[in-house]
Structure formats: C-alpha cells, structure tokens
Amino acid sequence: MPDTLDRYERSILKLLQEDCSRSTAEIAEAVGLSASPCWRRIDRMEREGIITRRVALVDRQKIGMNAQIFAQVKLNAHGRAHLDEFSAAIRGFPEVLECYVLMGPVDFMLRIVTRDIEAYERFFFDKLSKLPGVQEINSTMALSEIKATTAVPV
C-alpha cells in the first residue's frame, strides 16, 4: 500500500491526522492542489480504507477518567477455544479502549481507562475476571503519559 500513495496523499494524510476538521479547500491549499483533485484523493483513500474514520479526540483526564491501566490477560486452554466469545465481550466494555492479541506468555493486552483505581477494581472483579476462560490477569497502572498519539507516520 505505501507505494500507492504519492507525495500529495501523504501530505493530505499528515494534515488530516493533525486536524480532520479542516476543509478540503484548506487542505488543498496547504498541499498545493486545487480543491477538486484534493477531494478526489481524500474520497479514494476513504473508499480504499486508508482513512478509516474521522473522530474527535477527547482528553480523558478532563472528563474525569484519571486511571489508565494496562492489563495482560492469559486464557486457560479451554478459554482459547472461545476466543471469539472473549473478543466480543471485550468489544462491549467501554472501559477497554484497545485490545491486542499477543504472541508469548499472555494472550491479550488491554488498555483500560476508568475514573479511579476503585472504578478499575469494580471493573476487574465484576466484568473482566468473570469472563469465561480467563486464567490470569496482570494489571499495571500508568503513572504518567510521556507520549500518546494517533498519528501514523506517513
């Protein structure tokens, strides 16, 4: 896919990742195109799934979500047979912002946000640890954030 993007498209992607509320005319001017070809490039990248969606990013702490926890989840042998069920349950938990399947000693890595550690404790005992097949959960609370970005280098 990288070979299919020209310098204009790469510049468009950089600008959209910085601020997707910019108008097509503003983006076109910044990258040196007229509005119509710029719009066609954006439209093509959306249709091809290069641009998956446009969202507003929320500062979690400003809305009271002060705890950020990384949880490593290991399933037992029986639990691995129900990966789809586990994955569906995780998708239904709004506290889980990201979930990755891993290779190695654990099966999943979750990024979880809650109001505070007490809220995480409730989530842990009432939801996460009750999922079928969960053998072990190791949780690590983040103290501070050094870097967080959604921008992919293009």
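The values are calculated or read from the model by the stated rules, or taken from the named source; none is laboratory data. The structure displayed is predicted, hence computed values, not measured ones. Neighbour counts are summed over all protein chains in view; Cβ atoms, including those assigned to glycine, are modelled from backbone coordinates with ideal geometry. Accessible surface areas use protein heavy atoms only, side chains included; no ligands, DNA or RNA. Shrake-Rupley method; radii C 1.70, N 1.55, O 1.52, S 1.80 Å.
Here the extension length gained between ALA35 and LEU102 equals 19.8 nm, from 0.36 nm per residue of separation less the Cα-Cα distance.
Out of [x] 23.5, 83; [y] 15.5, 50; [z] 20.0, 58, which label holds the value of Rg and Dmax of the Cα atoms in Å that was computed here? Label of the calculated value: [z].
Taking amide H atoms as placed 1.01 Å from N in the peptide plane, the amide H of PHE108 lies under 5 Å from those of VAL73, LEU102, each 5 or more residues away in sequence or on another chain.
Taking R0 as 22 Å, what FRET efficiency do you get between ALA81 and GLN135 from their Cβ-Cβ distance, rounded to the nearest 0.05? According to the calculation, E is roughly 0.95. Relative contact order for the stretch 82-143: 25 percent, from Cα pairs under 8 Å spaced at least 6 residues apart, divided by residue count.
Estimated from the Cβ-Cβ distance and a Förster radius of 25 angstrom, the FRET efficiency linking SER144 and ASP116 is about 0.95.
Top mean-square fluctuation among GLU136, GLU26, GLU98, Gaussian network model of the chain, C-alpha springs under 10 Å? With Cα springs under 10 Å in the chain, the top fluctuation among GLU136, GLU26, GLU98 is at GLU26. Computed over protein heavy atoms with a 1.4 Å probe, the carbon and sulfur contribution to the accessible area of the stretch 36-102 reaches 53%. Cβ-Cβ distance of SER21 and ARG44, R₀ of 22 Å, FRET efficiency by 1/(1 + (r/R0)^6): the value works out to about 0.60.
Within the listed set THR114, THR140, THR52, the residue fluctuating most in the Gaussian network model of the chain (springs between alpha-carbon atoms under 10 angstrom) is THR52. Averaging the sequence gap over all C-alpha pairs within less than 8 Å and six or more residues apart, then dividing by the number of residues, gives the stretch 34-154 a relative contact order of 33 percent. How tilted is helix 7-18 with respect to the longest principal axis of the chain? Cα atoms for both, answer in degrees (0 to 90, nearest 10). Relative to the chain, helix 7-18 is tipped by roughly 50 degrees.
Contact order for the stretch 1-101, expressed relative to its length and based on alpha carbon pairs under 8 Å spaced 6+ residues apart, stands at 15 percent. In terms of the mean number of neighbouring beta-carbon atoms within 10 Å, the peptides 143-153, 99-109, 4-14 order highest first as 4-14, 99-109, 143-153. Taking every protein chain into account, the accessible area of the stretch 1-94 amounts to 65 square angstrom per residue (probe 1.4 Å).
What net charge do the residues around SER36 carry, taking every other residue with its C-beta under 14 Å from that of SER36, with Lys and Arg at +1 and Asp and Glu at -1? Here the count lands on +1.
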